[in-house]
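Asker: Before anything else, here's the structure in question.
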Amino acid sequence: MAEKPKDGEDVDAAEMTSRPWTERLVIVVVPVAVCLATYALFVAGAPPEGVDLKLRAPSGVEPMARIGLRALSLTGLDTPGNVETHRARVEVELRDPGGTSRARTTLTASRVDGAEGHLEVPTDVRGALTLAATAEIERTRARVVVPLEVRANAPAVLPVPRKSLALQRVERFPMERVSPTWHGGVRIAMLHGGCIPDLECDVFALSSDPKSRVELVPRMGLDPLGAPPEAAPVRHMLGPLARAEVDGSAPLALLHARLYGPEAEVEARVFLGDTLVATRVMRLAVVPGGIPFVVAAGADAAPCLRFPAALRGKAVVVDIFEAGHWRDASSIVVDPATCAPLAVKADTRDLTVQVSAEVFDAEMSLRAVVPHELDAPLDVWFDRLDSTVDVLPLPEGVGSYAQAAERVRERHEAVRTAAFLVYVLGAILACLVIVARSLRASREARSLLERAADASNSPAPVTSARHRVLAVLSLVVVLFAVVLGFAVGAILVMLQGAVLP
């Protein structure tokens, strides 16, 4: 029968031989885990590719409607000062919450920059959906997703003032009555909402008294050019009634002039017979870099755009709105000899056209209302002119680079948290291994001393208090160094979010 092991001898030996495999496992696993966590931390924080796909699309639309779309591809975002546009094929897909494709379109290359077009919303689509645009830019696939809500009574875009200097904004001064017995009024408006420096500018004045006569006199910044020629764009947009009044004596006046300064003012003078009864001054809106145009009727009575001869061969951007909703995005090369047709249905009403020189520069565009009746009353016709002072802003562009950077930030945050936990757990395991080894070494030394004492029949040596204190202090120092090292690593991991995306 086996002899029972003595207390403090064989039991300690059994413990010393039964646990080292766990310690060896910790010694191998912890450094590997820390290295992998650190590597994953830096890999997860790598910035996205330096390409960007910007998509402009409305956030809401009615069922069975059309939405305008514009996209711009950019390269070199990872190199400061080296950002360039890139022509790429852009596909846009309408997806429901389940990820099913409900509609798809491929945008056409713009004659100015980027890609443009529209998307038809299916009749059976309702609720919250998404628009996903994809493009391959320099062998890198860019993807941007924007929300789109399809519901009845979707909010329309409201006009906003142009960004301009104070002296280049419209200001209508109060009317001054020369004759206290005349109680009429006078209105002043500009063709397409503003004048462009060094180009022709057309200003109208309308009196509320049909018996009166109106004259428009330039006060500042305008050089009169006389009556506009028959080929002038402004004559193509005048209905029969308005044309007769402009060529006649009352109550509508037209000033055809050239803007030569940074600001301009006109004065409307109202006469009854030869007697001056009222005056009114208006500061005109000046739009540097604007594109003048008029909406006219084509051969088949469909609306089309005419431009002055000075813009021959220039590529311009055209955006069409219906009741404040963006319906189509296109671009054309100006040919003054022809009337460029608009991509609208014949029975569409309440249309507004905006034309600009830049793709994403709607705030400096010029605006015109598409007439749904050519010979409208003068007040209605004048209201169309008066409503074009402000512009309809395009939706904010959403970029794939920003969305990719946000995904990188979220992924890096998750990896950083996991790395922090690995560092903390590694510190705990390392401390446990050090404590276990210290205790085992202490027991092993005591056992050897006791065996040596038994063999020599002499009393076992007693470890001095000084040696015990030194041993404890050494253990504390080692533990403190291990904990400090892991703590510094964990702190660096958490602070890394302020440096990496």
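Asker: On a C-alpha basis, how far is the centre of region 301-345 from the centre of region 130-161 in Å? Whole number, if you could?
Answerer: Taking the Cα centre of each part, region 301-345 and region 130-161 sit 23 Å apart.
Asker: Would you mind counting up the charge near GLY98? Only other residues with Cβ under 15 Å from its Cβ, with Lys and Arg at +1 and Asp and Glu at -1. Please report the intermediate quantities before stating the final value.
Answerer: Working: positive: ARG95, ARG102, ARG126; negative: GLU93, ASP96, ASP124.
Once all neighbours under 15 Å are counted, the net charge is 0.
Asker: For the pair ALA166/ALA357, report the inter-label distance in nm, with labels modelled 7 Å from Cα in the Cβ direction.
Answerer: Inter-label distance under the simple model: 2.7 nm.
Asker: Here is a further query. Could you compute the FRET efficiency for ALA128 and VAL28, with r as their C-beta to C-beta distance and R0 at 60 Å, rounded to 0.05?
Answerer: 0.75
Asker: Using a cut-off of 15 Å between beta-carbons, work out the net charge of the residues near ASP335 (Lys and Arg +1, Asp and Glu -1, ASP335 not included). Before the final figure, lay out each step's value.
Answerer: On the way: positive: ARG111, ARG306, ARG312, LYS314; negative: none.
Cβ neighbours under 15 Å give a net charge of +4.
Asker: Something else now. What FRET efficiency do you get for ARG437 and ALA405 if R0 is 35 Å and r is their Cβ-Cβ distance, rounded to the nearest 0.05?
Answerer: 0.15
Asker: Placing unit charges on C-beta atoms (Lys and Arg positive, Asp and Glu negative, everything else neutral), compute the dipole magnitude of region 29-155 about its Cα centre in debye, rounded to 20.
Answerer: On the way: 15 positive and 15 negative charges, 43 e Å.
Here the size comes out at about 200 debye.
Asker: With 10 angstrom as the radius, rank SER101, SER207 by how many other C-beta atoms surround their C-beta, starting from the fewest. Can you show the working numbers first?
Answerer: Working: SER101 10, SER207 25.
Fewest-to-most ranking of SER101, SER207: SER101, SER207.
Asker: Ok, one more. If R₀ is 22 angstrom, what is the calculated FRET efficiency for the pair THR38 and ALA414, using the beta carbon separation as r and rounding to 0.05? Let's see the in-between values first.
Answerer: Values: r = 15 Å, r/R0 = 0.69.
The calculated FRET efficiency here is 0.90.
Asker: Additional query: Can you give the local net charge around ARG258? Use residues other than it whose beta-carbon is closer than 12 angstrom to its beta-carbon, Lys and Arg +1, Asp and Glu -1. Working shown, then result.
Answerer: Values: positive: none; negative: ASP198, GLU200, ASP202, ASP223.
In short, -4.
Asker: Let me ask something additional. Take ALA152 and ALA309, extend 7 Å from each Cα along the Cα→Cβ direction, and tell me the distance between the two endpoints in nm.
Answerer: Reported label-point gap for ALA152 and ALA309 is 5.4 nm.
Asker: Which of the three applies to region 40-111, rounded, prolate or oblate, going by the alpha-carbon gyration tensor with a ≥ b ≥ c and a/c under 1.5 meaning rounded? Before the final figure, lay out the partial values.
Answerer: On the way: a/c = 2.87, a/b = 1.51, b/c = 1.90.
Cα axes put region 40-111 in the oblate bin.
No lab work stands behind these numbers, since they all come straight from the coordinates. These numbers were taken from a predicted model, which means no experiment stands behind them. Don't worry about glycine lacking a Cβ; one is built from the backbone with ideal geometry, like all the others, and counts go over all protein chains shown.
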